[in-house]
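Okay, so here's the structure we're looking at.
Values in this text are rule-based calculations from the coordinates and carry no lab data. This is a predicted model, so every value here is computed, not measured.
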Amino acid sequence: MFMVDIVINFRTTYVNHNDEVVSHPGKIALHYLRGWFLIDVVAAIPFDLLLVTDSEVSHRPRRRQQGGVETCTSPNFPRHRRN
């Protein structure tokens with residue numbers, strides 16, 4: 001979702017120091033790159049997926065491929081019989 005926000009911010013007008021609305025795409029992009037861009041990029045990084053240790057990998061649900069779509073399977077739980 002943050003990636004969508006970054007794309008939108010490259011197209012969102014702003015008010016400059018002369019109280020003029022700036023709508024030129026190049027000036028908007030430069031203004032955003034000099035301002036909030038780095039903070040937004042860092043906020044969009046999925047650190048929980050990047051910082052995984054070996055012990056956490058063994059406890060994560062297995063992934064399998066189905067028709068080009070990656071799905072997540074649940075862990076195998078013991079089944080209880082009904083009496």
Full-extension gain in nm, residue 2 to residue 39, via 0.36 nm per residue minus C-alpha separation: 12.2 nm
In whole Hz, what ³J(HN,Hα) sequence does the stretch 8-15 give by Karplus (6.51, -1.76, 1.60; θ = phi - 60°), x for Gly and Pro? 5, 5, 6, 10, 8, 5, 9, 9
